[in-house]
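The values are calculated or read from the model by the stated rules, or taken from the named source; none is laboratory data. Given the structure is predicted, the values throughout are model-derived calculations rather than measurements. Because the Cβ atoms are built from the backbone with ideal geometry, glycine has one as well, and the counts that use them run over all protein chains shown.
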Amino acid sequence: MFKEFVKNGDPFVIAEVGQNHQGSLENAMRYIKIFANEGADAIKFQTRNNKYLFSEEAYAAPYTSENAFADTYGEHREHLELKIEWLPILKDECHKLGVKFMSTPFDEPSLDLLVKLDVDILKIASFDLGNLPLISKIADTKKPVVLSIGGGNVDQIKSSVNCILERNENLSILHCVSEYPCDYNRLGLENIQKLIKEFPGCTIGSSDHFNGTLSGPIAYMMGARVFEKHVTLNRAWKGTDHSFALEQDGFRKFVRDIKRVRHMLPSKPKEEIGKENVFKKLGKSIVPLVDLEAGDVLTLDNLSGKIFTKQYIPVRESNEIIGKKMRRQLAKGEPILPEDLV
C-alpha cells in the first residue's frame, strides 16, 4: 500500500521538477541535490516520446510563445526532454541522496522506458485522468502509482481509480486544480476530505500550482499525506512553470511547515499548565490589598497581586480562596500562604 510511505502520519513530499531543468543534465542533477537536501522524499521528472505523443501536424506547428525554445512546438518539446541515457544517472543520484526517483510517462513508449529503468514511483498526470488504456498499463506494472485528478469529473475519477485498484492497490490520489498558476481562492482544498471519504483505502494528497507555501499545512489538516509541489532553481527563468514553482528556500519552508502541523495540534499536558517558567519568574501571587485581621473574609475588594522572587498562591487561583477566612493577622502586600486560611 502507498501508506508505507506515510507511516505514523508522516507526509510524503514530491518535488516536481517537470521540465524546469530545461533539457540540461547539469540542472537536473542540481535539482536532485538541492531539493533532496531540503526535505523532498521523491524527485519527479516527466518523460515523453514527442513524436509518438503528438500528431505530425501538432509536432510541426509553429510556436511563437515568449517561452518557446524553438520555432515549432515539437522542436520546443524536444529541447526540454531529458536524454534517455541520462535517466539512470538521475536515478542513481536520487538513491545516493536517499530519495525516490519518480517520473510521469505521457505515453506508452515512455512507460516502457521507465519500467525498464525500474523507476521507484509512476505518476499519472491530470491530462491522462480517464485515459483507461494508459492507466491500466501503468497499474499493471505494480509500481506505486500517484494519480492527479485535476479537471476530472466524478465518473472519470472513479473509473480511473477503479481501473488501478483492480490491478494495483499501491495508489495515492492527489486533489489537484489544473490552473497554472492557481490563485489561493481556487485551491478547493476541502475536496481532500471528500476524497478521503470516497476512497478510504487510498492515500489522499494534494498537488497544487499555488505560488505560496500555506497550501501545504492546510492540506495536511484536511487529511492530505502526499504533497506534490513544483520547484525551480530560478523563478525568473524562461518557461511556463517557473513563475509559480518554489525556489529552494520556499520549498524548505513548505516541507518544514507541513511536518510541524501534526505536532502543533495536541494539547499541552494539564500538569504542565501554569508551571511555565514565565509564571515562575513573573507570575503574581495573591496579597491583601489592606491590612487583614484574623477572621476577615477574603473578597474581591480586599485582595490584589504582587510579584515576588518566588511564587506563593498564584492570582489565577483566587477563585479558590475568595470567601475563605484569615487564620491570622496579615499586613497589606504580604503574601498569603495556604496555612493562613481557614
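Listing for the model above:
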read-out: Search result, residues across the stretch 146-195 that are over 22 Å from the mean Cα position of the chain (by Cα) and among the hydrophobic types (A, V, I, L, M, F, W, C); value: Val154, Ile157, Val161, Cys163, Ile164, Leu165
read-out: Test for Ile196: is it surrounded by fewer than 20 Cβ atoms within 10 Å (Cβ to Cβ) and touching a strand residue (DSSP E or B) at 6+ places or on another chain (Cβ under 8 Å); value: yes
read-out: In the stretch 150-186, residue surrounded by the fewest Cβ atoms within 10 Å (Cβ to Cβ) [restricted to those that are without any contact (Cβ under 8 Å) to a residue 40 or more places away in the chain and touching a His at 6+ places or on another chain (Cβ under 9 Å)]; value: Glu179
read-out: Members of the stretch 182-214 found to be more than 25 Å from Asn170 (Cα to Cα) and either of a type in the set (S, T, N, Q) or touching a Pro at 6+ places or on another chain (Cβ under 9 Å) (or both), listed by number; value: Asn185, Phe210, Asn211, Thr213
read-out: Of all residues in the stretch 53-62 being surrounded by fewer than 16 Cβ atoms within 10 Å (Cβ to Cβ) and touching a residue at least 12 places away in the same chain (Cβ under 8 Å), the one that is nearest to Asp128 (Cα to Cα); value: Ala58
read-out: Conditions (1) closer than 20 Å to Glu166 by Cβ; (2) surrounded by 14 or more Cβ atoms within 10 Å (Cβ to Cβ); (3) among the charged types (D, E, K, R): number failed by Asp112; value: (1)
read-out: Ile135 vs. criteria in contact with a Leu (Cβ under 7 Å, 6 or more places away or on another chain), in the same structural domain as Asn37 (by TED's automatic domain parsing) and touching a residue at least 12 places away in the same chain (Cβ under 8 Å); value: no
read-out: Unmet criterion (only one of (1) closer than 26 Å to Asn234 by Cβ; (2) touching a Ser or Thr at 6+ places or on another chain (Cβ under 7 Å)) for Pro105; value: (1)
read-out: Check on Val146, touching a residue at least 40 places away in the same chain (Cβ under 8 Å), among the aliphatic types (A, V, I, L, M), closer than 21 Å to Phe5 by Cα and crowded, with 18+ Cβ neighbours inside 10 Å; value: yes
